[in-house]
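Asker: For reference, the structure I am asking about is given below.
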Amino acid sequence: MQASTSNQGMFWEEARELFEEIVGWLDSPSVCGLEHSEIESKLLENGYELLRRLLQGYFDKRSGDEIEGECTGSDEANRTHKKKLSRKLTTIFGTVIANRIGYGGRKINSLTPLDAELNLPVEQHSHGLRQRVAVEVARSGFRETVGIIEKTTAVKIGKRQAEELAYYSACDFEEFYTQQQAQSSQLQETGEIVVISADGKGVVVRTEDLRADTQKRARETSKKLNKRITKGEKRITPSERKPVDNCARYLLNNANYLRYDHYLKVGLPIATGVIEGACRHLIKDRMDITGARWSLTGAEAVLRLRSLYISGDWDEYWRFHLQQEHQRNHLALYKDKKPF
């Protein structure tokens, strides 16, 4: 890429203009009567706009520096038709416009190499904003997340947009841990043995998202009593007795594995407090919000993000996620995975 022959300073003129305005305002006598919180709020508001103008200036500079070249897609088609294209990108500082050269042809999709260089997302929201939403979704409800984004960034998003960004953010979860396991299996030395405890926690799922058999049982289940019974009276029908019999049968069949007295004698842990606490912290505290009803895809995305956040794998996962985004959204579209 060659340097632009245009005046390099022109890309930052709007940012410099606003910076001088901010400095002039701080230097004016009118500011002396304001409390520090008022100054802080004003600087934050203008600061977002200053950063947005700087980012816009950088995009304009990259657009001005872009040179035409040969562009061949993964379909082996050489795209000879060149056209200047524009797109919006909503960032944590506000919305900017990216102008770049699109390479296309008859009945083939257009490619934009500058998008690949900058790893721009397919959707309008930037990766920075996506990450901010994903972190908040892992900790709070979607409505709370929408409010937090409005207060801590220069943009507003809707609840549906927050849900979509959370879903996009969690899409590389399985691949990330598959890679982690593959890397750990290559280690020559092994560490301490890790014992895994497991437990289950129910999540309230919308009826239409239940599996077919579960959905059928949910519709047939009725919690209403046929009639009142007197205090202390207990009627057990065969269908009601069945789960009790199943439980007893399970205990009898697995009696050899339930020797808790022996386990305690040799110092082995038998308590389930650790895993139950994990279920509460990981699942119940986030998924059991009053009135929440989850779709399967939504619940899975949130639990994946929350587990990444709580386990301390977030930063490493996010780097992996951005690499995967670059691969599937850009490099995979070009011959030999090279935009030029």
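Asker: Report the normalised scattering of the chain as log10 I(q)/I(0) at q = 0.07, 0.08 Å⁻¹, calculated by the Debye formula with identical scatterers on the alpha carbons.
Answerer: Per q value, in the given order, log10 I(q)/I(0) is -0.53, -0.66.
Asker: What is the sum of charges around residue 294, taking Lys and Arg as +1, Asp and Glu as -1, for the other residues whose C-beta is under 12 Å from the C-beta of residue 294? Don't jump to the answer; show the numbers that get you there.
Answerer: Working: positive: 206, 286, 293; negative: 163, 208, 209, 288, 300.
Here the count lands on -2.
Asker: Per the Kirkwood formula on distinct C-alpha pairs, the Rh of the range 14-77 is how many angstrom? It would help to have the intermediate numbers written out before the result.
Answerer: Details: mean 1/r = 0.0673 Å⁻¹.
About 14.9 Å, per the Kirkwood formula over Cα pairs.
Asker: If you put +1 on each Lys and Arg Cβ and -1 on each Asp and Glu Cβ, how big is the dipole of the chain around its Cα centre, in Debye rounded to 20?
Answerer: On the way: 52 positive and 49 negative charges, 517 e Å.
Result for the chain is approximately 2480 debye, rounded to the nearest 20.
Asker: Could you compute the FRET efficiency for residue 39 and residue 336, with r as their C-beta to C-beta distance and R0 at 41 Å, rounded to 0.05?
Answerer: Values: r = 54 Å, r/R0 = 1.32.
Working from the Cβ atoms, E equals 0.15.
Asker: Determine, at each q value in 0.16 (inverse angstroms), the log₁₀ of I(q)/I(0) that the Debye formula gives when each Cα of the range 6-122 is one equal point scatterer.
Answerer: -0.83
Asker: Shifting gears a bit: Find the all-direction average of the projected area of the Cα convex hull for the range 252-328, expressing the result in square nanometres with one decimal place. List each step's numbers first, then the result.
Answerer: Details: hull surface 37.9 nm².
That works out to 9.5 nm², a quarter of the Cα hull's surface.
Asker: Related question: Any chance you could run the full-extension gain for residue 160 through residue 179? It's 0.36 nm times the residue separation minus the Cα-Cα distance, nm to one decimal.
Answerer: Working: separation 19, 0.36 × 19 = 6.84 nm, distance 3.10 nm.
Length difference between fully extended and current span is 3.7 nm.
Asker: Let me ask something additional. When all C-alpha to C-alpha distances in the range 60-144 are sorted into bins of 10 Å, what percent of pairs does each bin hold, rounded to whole numbers?
Answerer: 15, 39, 26, 14, 6
Every number in this text was worked out from the coordinates using simple rules, so none of it is lab data. Small disclaimer: the values here were computed from a predicted structure and weren't measured. In this analysis, Cβ positions are derived from the backbone assuming ideal geometry, glycine residues included, and neighbour counts consider all displayed protein chains.
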